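The values are calculated or read from the model by the stated rules, or taken from the named source; none is laboratory data. Fair warning: this is a prediction, and the values are worked out from it, not measured in the lab. Glycine also receives a Cβ, built like all others from the backbone with ideal geometry; neighbour counts cover every protein chain displayed. Side chains are part of the model used for accessible areas, which takes the heavy atoms of the whole protein and leaves out ligands, DNA and RNA. Shrake-Rupley method; radii C 1.70, N 1.55, O 1.52, S 1.80 Å.
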Amino acid sequence: MPNYRMHLLVCGGTGCHATKSNVLINELKRVLSEKGLEDEIQVVETGCFGFCEKGPIVKVYPDNVFYIEVQPDDSLEIIEEHIIKGRKLERLLFVEPSLNQKLEEQLDMPFYKKQLRVALKNCGFIDPEDIDEYISTEGYHALGKVLTSMTPDAVIEEIKISGLRGRGGGGFPTGLKWEFTKKSSADQKYIVCNADEGDPGAFMDRSILEGDPHIVLEAMAIAGFAVGASKGYIYIRAEYPLAIQRLSIAIEQARNYGLLGNDIMGTGFDFDVEVDLGAGAFVCGEETALIKSIEGNRGEPLTKPPFPAQSGVWGKPTCVNNVETFANIPAIINKGGHWFKKIGTEKSPGTKVFALAGKINNVGLVEVPMGTTMRDIVFDIGGGIRHGKQFKAVQTGGPSGGCIPYSQIDIPVDYDSLVSIGSMMGSGGLIVLDEDDCMVNIAKFYMEFIIDESCGKCTPCRVGTKRLHEILTKITEGKATEECINHLVELSDTIKDTSLCGLGQTAPNPVLSTISYFLDEYKAHVIDKHCPAGVCEALLSYTVVSENCIGCTACLRACPVNCIKGAPKEIHKIVQSDCIKCGACYDICRFEAIMKK
Amino acid sequence: MSKIKTFAELQEIRKNLENRMSLRKTAGSKDRIVIRVGMATCGIASGARQTMMAILDELQKEHIENVSVSQTGCLGFCDVEPVVEVIIPDKPSILYGKVDEALGREIVTKHIMNGTLLEDIIVSRSFETIK
């Protein structure tokens, strides 16, 4: 094996692949072999570093230098300057906006400073396609420990001590779930990994599977041992091709090493895993619908009880856990439940991975201890709002969650605190909204999503959300009355109370939480027929600011319906009755002489 | 790839792989020592690459993990090439000249491991560098 003196870690997550990190990797390897350095310098493709905003990322070990936005064309310079001459490439270093200073080392970055990585510990650190790298970071040690020195009850007890709760959103104690499955007697039981990540803007599970697939396999085997299951399914959406590919490689490597299959490590324990592809229906993230889908049926939820722990896949006891939940298991076994319990808060121990998206500077993947405030996540780790705009709200929990306004930004992020203010943890998507976002429109967006994704089994969810959407559309078009807001609330409550599954029960949350925190905006739409954020087209009007207009005729020529009157060097005028509000004049004016209101 | 038959075997495999990841694991530590080898044309011509490989080999043999070896350009001491600089945190850096493979190994065993300088081959610096 070559004795590498330097490792170049290149992010190979989906985000960085989209910005050509795979081309970059090939280019780096090509230049290295051209210079005869291929046995000295190792190029490693890793999972997501989390700093997706500035990808592709290249991290140089042992120098700990962190390069951002590296293009394939930069390869030669990196190798000639940094690797051969030992000089850092200043132009590719990250400049921290708040300090206006170039930061060489990853640990200096505020983005990483407040993070604590348990589930993501190997993401961006190891090569996910190489089982040896996983093993060298204590991989499969927890499985070995469990199989050789613990009883199934002791494993479950350890998980219960840790206080780990389901990371898919519900927050059900994992240890209890395992215990219930263990207590059901049957000739065959199943472990299911729920990788049907469906919230808009969420990519935590995908990143774990792409960056560290073995951790999930190891944890599933541990769960199998604890509950008495010999078979596992990973239910993943087909639109995650890279994650599926890396999982398949990982499963094959683990089988070759005998870490999956029969008689694992000579202990007589059998466990194997199968990947099951879903078509990407949101409702299949609900465990009973997911089980239906694995069986080849239409993905529709069932009534509970019976719970999957009693009757799941093929009618056998089944334990369904989310990807991130599994990613915490090996560390809990290795370091102990008490260690885990000390992280985070009393009722929500551990960490949580969040996908930061929306109007935030550092779009990416972060992992913080539970109880970290939303302010820390948005302003310190996330680097604040883009273009210096005003923060308006952060949407958590996807279509099942709600909005957190500025007045609540100091809330500690854990399961119970978020529920107490009408939102929820959800799987971990955080979408940041700024002053240019209209809250009524946001609620409308989520309702559109729910209409598409409702499976149609229950009337309140199928028809009710459609009606909610119609009322919201009326509001955004200025055709609503104040009474409509009351209708929204009343209908929402009915949907919540009468739907069968989690999708319907939580579907009205975006509507209710925006009404409770942004009633002013709703009122502005229905009473003043005005959209304060300037989003709802029907309520907008474009006018000429006479002080700024120089009479250049640019807007007049751009207007597709000829509703702008004027002549060269004369102040123009928009004829409101003919205006179709397309915004062409606003976009073309270089003198800020068109006002949108 | 053969099957792992016992837990002990897994632990054995991990032990053998430790080396491979140590470079990454110790990168963040504050007591990381840097060894720089001058590898401009003159350095390479007088055998700097062999020196560097010897240093790397010695480090691996002695299981030393907190040392990173990097190349650097011409330091201007062409008559005493190959030149090797040892930078230990909070200590003035030491520059060695005419370091062949054997001396390279000695730098590791004496300077790095025992803190004893190789007095005979120290090159005194004749310049200041702007910060």
* How big, on average over all directions, is the shadow cast by the Cα convex hull of chain A, in nm²? -> 30.3
* **Rg over Rh [alpha-carbon atoms, Kirkwood Rh] for the stretch A:522-597** => 1.01
* Could you give the radius of gyration (one decimal) and Dmax (whole number) of the Cα atoms in the stretch B:29-121, in Å? -> 12.0, 35
* To do: State in Å² the accessible area per residue of chain A; use a 1.4 Å probe, count heavy atoms of protein chains only, and round to the nearest integer.
  => 38
* Pull up the cross-link candidates among the aspartates and glutamates for A:LYS474, meaning alpha carbon to alpha carbon under 15 Å and not fewer than 8 places away within one chain. => A:GLU448, A:GLU482, A:GLU483, A:GLU521, A:ASP528, A:GLU537
* Cα gyration tensor category, rounded, prolate or oblate, for the stretch A:124-273 with a/c compared to 1.5 -> oblate
* To do: State, in square angstrom and to the nearest 100, the accessible area buried between chains B and A, both chains counted, probe radius 1.4 Å.
  => 3400
* Structure fact -> Within the stretch A:238-288, DSSP-loop GluC sites (Glu not before Pro) with at most 14 other C-beta atoms within 10 Å are A:GLU239
* Debye equation applied to the C-alpha atoms of the stretch B:18-79, log10 I(q)/I(0) at 0.22, 0.26, 0.29 Å⁻¹ -> -0.89, -1.05, -1.18
* 27 Å Cα-Cα threshold exceeded, pairs from A:LYS347/A:LYS444; A:LYS335/B:LYS91; A:LYS347/A:LYS457; A:LYS182/A:LYS335 -> A:LYS347/A:LYS444; A:LYS335/B:LYS91; A:LYS347/A:LYS457
* Measuring from centroid to centroid over Cα atoms, what is the spacing of the stretch A:286-349 and the stretch A:350-421 in Å? -> 25
* Of the cross-linked pairs A:LYS35/B:LYS110; A:LYS292/A:LYS359; A:LYS113/A:LYS359; A:LYS102/B:LYS110; A:LYS20/A:LYS88, which ones have a Cα-Cα span greater than 26 Å in the structure shown? -> A:LYS35/B:LYS110; A:LYS292/A:LYS359; A:LYS102/B:LYS110
* To do: Could you pull out the trypsin sites (Lys or Arg not before Pro) across the stretch A:522-575 that fall in loop regions by DSSP (anything but H, G, I, E, B) with no more than 11 other Cβ atoms inside 10 Å?
  => A:LYS569
* Structure fact -> When the charge dipole of the stretch B:29-121 is computed with +1 on Lys and Arg Cβ and -1 on Asp and Glu Cβ about the Cα centre, the Cα farthest towards its positive end, among B:VAL99, B:ALA40, B:PRO82, belongs to B:ALA40
* Membrane-span-like helices in chain A: DSSP H runs reaching 15 Å or more (Cα, own axis), mean Kyte hydropathy at least 1.6? -> A:213-227
* Rounded to a whole number, what is D in µm²/s for the stretch A:6-109 from Stokes-Einstein with the Kirkwood radius over alpha-carbon pairs (20 °C, 1.002 mPa s)? -> 158
* Structure fact -> Placing +1 on each Lys and Arg Cβ and -1 on each Asp and Glu Cβ in the protein assembly as shown, then taking the dipole about the Cα centre, the residue among A:SER516, A:HIS572, A:HIS487 whose Cα reaches farthest towards the positive end is A:HIS487
* Ellipticity estimate at 222 nm from DSSP helix runs (n ≥ 4, -39,500 (n - 2.57)) divided over chain A, nearest 500 -> -10000 deg cm²/dmol
* To do: Hey, can you grab everything whose amide H is under 5 Å from the amide H of A:ASN322? Only 5+ residues off in sequence or another chain; H modelled, so Pro and N-termini drop out.
  => A:ARG167, A:GLY168, A:ASN194
* Quick one: check the C-alpha center-to-center distance for the stretch B:107-121 versus the stretch B:9-85, whole angstrom. => 15
* Report the normalised scattering of the stretch A:351-434 as log10 I(q)/I(0) at q = 0.18, 0.20, 0.21, 0.25 Å⁻¹, calculated by the Debye formula with identical scatterers on the alpha carbons. => -0.63, -0.80, -0.89, -1.33
